[in-house]
Every structure is written in C-alpha cells, then in structure tokens.
Amino acid sequence: MEGGWIGRGILAHPVGWRLRRDVRLALDDAHGVPVLLHAEGVLRLNATAAAVLRLCDGTRGAGEIAALLEAEFFEVTAEQVLGFLAGVAEQGLIEAVCLGERGRSSGLGGECGRSAGEGAALE
C-alpha cells in the first residue's frame, strides 16, 4: 500500500490522512469558491487544493492521494500534492490515522501507538 508509515520494521503501519475534527471543507456561497473552515479562520482554496482535501478521509495515504490527483488534474504532479499535504499537516489542519494491517482507519494510539504528530511521515 502506498502512503506514509508509522513505526519501523514489523511494527510499521500505513498512515492515512484526514481533516482534523474541527476542520470542515465547505463552499463559500458568496464567492463560489471552496474554503477550509477551522478555529483559526477560513482558508480559500483553489479547485485542486479542495480535491486533495476531499480525498483526506482517513482511508488514503499521501501516495494514493497524489496518484489520484495526478490522474484527475494532468497539470498536477505528485510532488506538488505531497508538498501541499505537508503544508496543511504542518499547520495542523489534517491529521494522520493508522490504517492498520488491513488498510482500515483505526485511529492513532491503538495499533500504531503514537500520537498524530510523532513519527508520522507523508511518504
């Protein structure tokens, strides 16, 4: 499975990405543009950024998100998608979730045994 990993060796688990619980993707009706609503404010998004964040549902790693976006938006590269994900992760707007051995979101702490900020990698 492509995407990030938490842990090392046999204890490693794939990492998916999801919006932080208090962050919501919405449409600004007044301007007709997608926005990311969060406690610190509102972030206006372009169509590509909104597409990336729609895929952050906790079931996909960064590699899978990048591959899907490359297929949908031909002018977008995996490096751009990974860079964007790194930026929103650094801002704390998305969080890592452990996908476990079966690729299902199990949250961090159970199988992965780490907090969302510790050891999470985008690739």
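The values are calculated or read from the model by the stated rules, or taken from the named source; none is laboratory data. In this text, all values refer to a predicted model and were calculated from it rather than measured experimentally. Don't worry about glycine lacking a Cβ; one is built from the backbone with ideal geometry, like all the others, and counts go over all protein chains shown. Only protein heavy atoms, including side chains, enter the accessible area calculation; ligands, DNA and RNA are left aside. Shrake-Rupley method; radii C 1.70, N 1.55, O 1.52, S 1.80 Å.
The 3J(HN,Hα) values that the Karplus relation (6.51, -1.76, 1.60; θ = phi - 60°) gives for the stretch 23-32 are, in residue order, 10, 9, 8, 9, 10, 7, 4, 5, 10, x Hz. Gly and Pro appear as x. Listed peptides 31-37, 80-86 appear in the order 80-86, 31-37 once ranked by packing, highest mean of other Cβ atoms within 10 Å at the front. Backbone phi angles across the stretch 54-70, fed through the Karplus curve with coefficients 6.51, -1.76 and 1.60 (θ = phi - 60°), yield HN-Hα couplings of 5, 7, 7, 10, x, 10, 10, x, 4, x, 5, 4, 4, 5, 5, 5, 4 Hz in residue order; Gly and Pro are listed as x. Distances between placed amide hydrogens fall under 5 Å for ASP28 paired with VAL33, VAL35, all partners being 5 or more residues away or on another chain.
Here's how it looks for VAL15: its modeled amide H is under 5 Å from those of GLY4, TRP5, ILE6, LEU99, which are all 5 or more places away or on a different chain.
Residues whose amide H lies under 5 Å from that of ILE94, counting only those 5 or more places away or on a different chain, are ARG20, ALA89; hydrogens are built 1.01 Å from N in the peptide plane.
Among residues other than ARG54 with Cβ under 14 Å from its Cβ, the summed charge is 0 (Lys and Arg +1, Asp and Glu -1).
Ranked by solvent-accessible area (1.4 Å probe, protein heavy atoms only, all chains present), the residues GLU90, GLU64, GLU40 order from largest to smallest as GLU90, GLU40, GLU64.
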